[in-house]
Each structure stands twice: as structure tokens, then as C-alpha cells.
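S.K.: Below is a structure I'd like to ask you about.
The values are calculated or read from the model by the stated rules, or taken from the named source; none is laboratory data. None of these values were measured; they are calculated from a predicted model. Every residue, glycine as well, gets a Cβ built from its backbone with ideal geometry; the counts of neighbours run over all protein chains shown.
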């Protein structure tokens, strides 16, 4: 057997069903071996989309996503997708072809040091030096990618190693058991919880990744602590749950940010005090003690000192910490009353489509299990604010890296994982152009992804910042020369239609959801639509700007 | 600014030293001194590095200890663990 066949066989042993990739010179032995494998290869039209589709597949399924590219530009095109997975702790194995070992270090055709280039954005990486070590490398790569705090792992495979004939040696690399939190930390955390009269749970993406949804919900049901969520923590509690106060941070709800700013105890579960969530860090939750539950010790006290670190398996820790807290009833009522008082206002002036209202209607009608993959910008925040999620794996959003162009490939990955699910890509006229070529992939595999393309003829989030924080000095945000998106989609075999009046929204959503195959709705919105509320850069989460306040300032 | 010395043991693997130095730079610790030597069995690299930063020691210790091939990280007194005559010297970057 050849090295490339070892690789493919080891991937089969790992239960890999799908590989997203793009062939080329140095990876050709692996593509040859794939012809004799039951693993399905999905040909994308740009390697970045291979990595992002593998990421979307992994987020939707919890399994390790696999992507593959050739050496040189193929490998460098994967980098953004690998970094995206790294920032959001998504389990991924990226396989790159490399020039033959004798040519490495000679500036050979399509040679780049992808091992070195990706070092800052991988959990670990391997350079295969012999064919016989390939099965071990593959199994270690999968173990590392999914264990503890997940992340991407790179395997760089020189062409001569892929072509070397040797005897296959099976290696089984069983998953490590994650350590349980110490009994002492649990005791101290419970003592702090019992002392507190105003606790808040700050729920992050770690809950879904640790597969700890049941334990988290049981913990909340017992303690009755109000919950705020990060972008990636949305769905840890269903959006409609009485204790779910919504998203915190820059575009969070007034209720969520107010609860955090006034609480006396913050129980952080699988989150990392990201600046978009905390606002100005030294003014974040100023009266709160902190209990920090995380599997990654390096995240605890990195940005905010934890009074009680609870390091280890979230499932265990949440079970151990569930206790009744009768003292917090008045606080709980205060929070839930605030939630009922500060509801979203879906009335907006004008006849144009109002994106928040469109998304609310879409969410109401897409079903409880719809998966939404979004791109990055204003529409991403509107999805986070107005879509209802029952679990985090329904909401595929590039949080840490903020990768425009994530949405369409991620939707492709999710739709392939769940062929009969309703998968929606919400995008913007800026983001869609970053991976527009993947419309061809949708057509090729006839994936019934529903694309909602909000078009404000601008890079809306940047435009909004320039309006609010740069004295309306608009710099390079005008996209009024956009192509006709309907014709672009139709040219790639995707039916498309345009929506430019709010009276058409209801029938547009009907049409979108009724279409059996892929479809694109090109939705025109007001060019100056903004995401509200917003916490300005460098500001505390106590200083949220609301639309009516800004309007008043302008009138003055 | 705090200054401290770390003793790190890492498996001899592709890019092991570069990986540790990369984490050190990315986390904004300045390298002042570095010695590194292979253990007698050839399986590990022992690194002693002195760094300075505005950040707490633990920020770097925790980031290095979670690297896959690192088996040990300790804050030590400079000159403790690796004898000078055995150590290969690198110029500080």
C-alpha cells in the first residue's frame, strides 16, 4: 500500500464521511486513493470554502470537519478557514499536499511552508516524514482536534511520502478523558453562589462544544439563575426560555447587559471574556465576583481574574454545581420583568424591508430545527438578535475571527451533514461576494440551501461605524455598483427573486421555504439601516446607544 | 515590567522550538535569553528562556503548557536547570 492509501484508510477508520477539498499537483496521490474509498469528496471552487465548509459541517454535527488542498496556493487558501476554526474552537483536520521531501526548502514550484504559516492558528500540526507513521498521525490529529478545547490540526503530506509503498500499521488513539474539576473548586463555587443575591450566568460556546446542553439546562432549572449568552452561546438555553435574557455585549440586549453590569456574581460557563462581549474590560460587571468554568485552564484569569476557577469537564462541573438558590428570587423576577419590558420593536418607518422584522418572520416560519449560517456584518448581528435558537448548533456564525464569506460554505457543510434540514444562509451584499463562487457548488450537489441576501448597497457595519464614530466620513463603503445578484445566481443555475417592499415579505418567505432546491432571495433594505443597540468602541456595556437617543442627539 | 525565567521540556518534534517561541511572541512576551539542549535520550528538548512583559507569568505558562508536545513548564531561578557548558546558545531575538 502507498502512503496516500494509508491516509485514506486511517480517515475511514476515524469514521470520516465527507472531505471538502480541491485537487492539485502535490495532493494527487491522495485524490487517486480517494477513488477507491467510500469517503465522499465535495469539490468546492476555492480552497477557502473547503475549510469553511468543513467548519460549518463540524459546528452543525459536533464531528471533526475534514478539508484538503494541494501545496502552495491551495494550502495558503485554506489558512483563513483554519484560523476561523481556531478562533471558535472548531474541531477540524486540514490535509495539505507538499512538494517531495527532496525539494522541500528549495523554493520548488508550489512550495510554501504551510506548517510554519499555520502555526499560530492550529491546535497542533504534523509533517509526515514516513509513510508508516501516517496512520498514527491521522489518529493523533483527530484525537487532538476533538479533545479538551477543540481546534484545527494540520497534516502536511509530502508527495513522495504519499507515494511510498509500505506495510500498513493500524494505530488506535483513544480519546483522553477530560479531568474533572477539583472537589475544592466545586465547594468554593457553591459557597459563592449561596452568598450571592444577584447572580448571572454568562453562557459561551463551550457549552455546546462540550455536549453539555442537558447538564446546563438542568443546572439552570435547579439554580434559576438568569442567563446571558455570547454570540456562540446563543441556543444554550432556547431563546424563548424565561431565564434567557438574550445576547450580551456590543449588540446585546439592554436586559442582558444591564443584568451583567449590576450582578454580584458572574458564573462564566465556557466563554472567554472576548472584547465584543465585555465592552471596556475594566468596567465590565464591576460589582461581580467571578466563577469561571472552562476546560482550557489558559482562558481562566486571562482577561478577568476568576475568584473561583473550575477547570475541567463542563458536564461534570455543571452537574456538581446544581443547587437550589432561594435567595435570588427577587433578582430573578427583576431580570425577567426587564426582559418582558424591553422587547424588540419591529415597527420601523418607511415601506422598505426592515431586516430585523424579516428575520423574525423567517424564524417563526422556518421551523424549530432550521440551521442558519450567516456571514459577517450587520445581518450577522440581526440574526443573533432576532432568530430563535433551540440549540447552539443551529447558529453557525464566525464569532472570533469574523470571517466575511463564511456563511455560504458553512451552509453547504451543514446541508451535506443534514440533507433534509432547512438550512438558511443569511448574507449581505459585501460578504456574499467573498465566496460567491460557491453558488456553483450548491448547484453541483443540488443542495437546497435558502439564501437570504440583504442588500444595502454598502459595507453596512463599517458604514454604521463611520456614521456614528467617524463623523460620517464615509470611506470605501459604497457598493452601489453591485452586480445584479439575481442574474448572477441564475447564471449559476440557482433560482432567484427580488424583494424590495415590506408588503412582499410574507410571500417571499413562503416562496423561499417552498422551493425544493437552492434559491436566493435578494432583499433590498435601507442603505442607512443600523444595528441597534450598540456599545461604542472602548465604551462600557453600561453605555449602550439606542436608536432614539442617537436620533435625539442629531435633532439637537 | 516583570522578568522571569521558564524551564520548558518539549518532545523533539517538527517545529517544537519555533512553536514555543511563537507563542511567547504572540502573547507579547519579549525574549531576553534562551538556551536549549536535547536530552541524552534524544527524545526531548530542554529549553530555558528569560522573558519580560507587562503580563503575569501565568499568562505565558498556561499557553505553553497546553501545547501538545510540551511535557513540563516551570518558573525557575535563572541558571538552575540547564548547565551552561551543555547548552546550545541561541541569540535572543
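S.K.: Taking residue A:152 and the conditions (1) under 24 Å from the mean Cα position of the chain (by Cα); (2) surrounded by fewer than 23 Cβ atoms within 10 Å (Cβ to Cβ); (3) touching a residue at least 60 places away in the same chain (Cβ under 8 Å); (4) more than 10 Å from every other protein chain (Cβ to nearest Cβ), which numbered condition does it fall short on, given that it satisfies the others?
M.R.: (2)
S.K.: Quick check: is even one residue across segment A:90-103 surrounded by fewer than 23 Cβ atoms within 10 Å (Cβ to Cβ), within 13 Å of chain B (Cβ to nearest Cβ) and assigned to a helix (DSSP H, G or I)?
M.R.: no
S.K.: Considering B:75, B:51, which residue is touching a helix residue (DSSP H, G or I) at 6+ places or on another chain (Cβ under 7 Å), surrounded by 15 or more Cβ atoms within 10 Å (Cβ to Cβ) and away from chain A (no Cβ under 14 Å)?
M.R.: B:51
S.K.: Still on this structure, please answer the following. Among the listed residues A:303, A:293, A:237, which satisfies the condition of being in a strand (DSSP E or B) and either modelled with pLDDT under 95 or in the same structural domain as residue A:326 (by TED's automatic domain parsing) (or both)?
M.R.: Values: A:303 fails: in a strand (DSSP E or B); A:237 fails: in a strand (DSSP E or B).
The conditions single out A:293.
S.K.: Then there is this: So which residues in segment B:44-66 are farther than 23 Å from residue B:14 by Cβ and assigned to a strand (DSSP E or B)?
M.R.: First, the residues of segment B:44-66 that are farther than 23 Å from residue B:14 by Cβ: B:50-59, B:61-62.
Result: B:50, B:51, B:52, B:53.
S.K.: Next question. Just to be sure, is residue A:311 in contact (Cβ under 8 Å) with a residue 40 or more places away in the chain and within 14 Å of another protein chain (Cβ to nearest Cβ)? Lay out the reasoning, then the answer.
M.R.: On the way: in contact (Cβ under 8 Å) with a residue 40 or more places away in the chain: yes; within 14 Å of another protein chain (Cβ to nearest Cβ): yes.
Here the answer is yes, as residue A:311 does meet what is asked.
S.K.: Something else: Across segment A:2-27, what is the number of residues that are within 17 Å of residue A:78 (Cβ to Cβ) and over 28 Å from the mean Cα position of the chain (by Cα)?
M.R.: Summing the residues that are within 17 Å of residue A:78 (Cβ to Cβ) and over 28 Å from the mean Cα position of the chain (by Cα) in segment A:2-27 gives 5.
S.K.: Would you call residue A:36 under 27 Å from residue A:211 (Cα atoms) and either part of a helix (DSSP H, G or I) or without any contact (Cβ under 8 Å) to a residue 60 or more places away in the chain (or both)?
M.R.: no
S.K.: Exactly one condition in (1) outside any strand (DSSP E or B); (2) under 24 Å from the mean Cα position of the chain (by Cα); (3) under 20 Å from residue A:386 (Cα atoms) is false for residue A:271; which is it?
M.R.: (3)
S.K.: Does segment A:9-17 contain any residue that is out of contact with any helix residue (DSSP H, G or I) (no Cβ under 6 Å at 6 or more places or on another chain), buried (at least 24 other Cβ atoms within 10 Å of the Cβ) and under 29 Å from residue A:394 (Cα atoms)?
M.R.: In the first step, residues of segment A:9-17 are kept if they are out of contact with any helix residue (DSSP H, G or I) (no Cβ under 6 Å at 6 or more places or on another chain); the result is A:9, A:11-13, A:15-17.
After this cut, where a residue has to be buried (at least 24 other Cβ atoms within 10 Å of the Cβ) as well, the list is A:11.
Checking which are under 29 Å from residue A:394 (Cα atoms) leaves us with A:11.
Within segment A:9-17, one or more residues are out of contact with any helix residue (DSSP H, G or I) (no Cβ under 6 Å at 6 or more places or on another chain), buried (at least 24 other Cβ atoms within 10 Å of the Cβ) and under 29 Å from residue A:394 (Cα atoms).
S.K.: So, of the residues in segment A:155-178 that are within 26 Å of the chain's Cα centre (by Cα) and either in contact (Cβ under 8 Å) with a residue 60 or more places away in the chain or within 23 Å of residue A:224 (Cα to Cα) (or both), which turns out to be surrounded by the fewest Cβ atoms within 10 Å (Cβ to Cβ)? Working first, answer last.
M.R.: Initially, segment A:155-178 is screened for residues within 26 Å of the chain's Cα centre (by Cα), giving A:155-156, A:175-178.
Filter again for either in contact (Cβ under 8 Å) with a residue 60 or more places away in the chain or within 23 Å of residue A:224 (Cα to Cα) (or both), leaving A:155-156, A:178.
Working: A:155: 23, A:156: 25, A:178: 17.
Per the criteria, the residue is A:178.
S.K.: Oh, and also: Residues A:347, A:369, A:364: which one is assigned by TED's automatic domain parsing to the domain that holds residue A:416, surrounded by fewer than 22 Cβ atoms within 10 Å (Cβ to Cβ), more than 23 Å from residue A:207 (Cα to Cα) and without any contact (Cβ under 8 Å) to a residue 60 or more places away in the chain? Before you say what the answer is, go through the steps one by one.
M.R.: On the way: A:347 fails: assigned by TED's automatic domain parsing to the domain that holds residue A:416; A:369 fails: more than 23 Å from residue A:207 (Cα to Cα).
Result: A:364 is the single residue among A:347, A:369, A:364 that is assigned by TED's automatic domain parsing to the domain that holds residue A:416, surrounded by fewer than 22 Cβ atoms within 10 Å (Cβ to Cβ), more than 23 Å from residue A:207 (Cα to Cα) and without any contact (Cβ under 8 Å) to a residue 60 or more places away in the chain.
S.K.: Hey, residue A:227 hits all of (1) over 22 Å from residue A:306 (Cα atoms); (2) in the same structural domain as residue A:300 (by TED's automatic domain parsing) but one; which does it fall short on?
M.R.: The number of the failed condition is (1).
S.K.: All but one of (1) under 21 Å from residue A:380 (Cα atoms); (2) surrounded by fewer than 24 Cβ atoms within 10 Å (Cβ to Cβ) hold for residue A:473; which doesn't?
M.R.: Tallying (1) under 21 Å from residue A:380 (Cα atoms); (2) surrounded by fewer than 24 Cβ atoms within 10 Å (Cβ to Cβ), residue A:473 fails exactly one: (1).
S.K.: Right, something else. Would you check which residues across segment A:113-136 are surrounded by 20 or more Cβ atoms within 10 Å (Cβ to Cβ), outside any loop (DSSP other than H, G, I, E, B) and more than 11 Å from chain B (Cβ to nearest Cβ) and list them?
M.R.: Scanning segment A:113-136 gives A:114, A:134, A:135.
S.K.: Over 25 Å from residue A:336 (Cα atoms), surrounded by fewer than 24 Cβ atoms within 10 Å (Cβ to Cβ) and away from chain B (no Cβ under 14 Å): is that true of residue A:280 in this structure?
M.R.: Numbers: over 25 Å from residue A:336 (Cα atoms): yes; surrounded by fewer than 24 Cβ atoms within 10 Å (Cβ to Cβ): yes; away from chain B (no Cβ under 14 Å): yes.
Taking the combined requirement at face value, the residue satisfies it.
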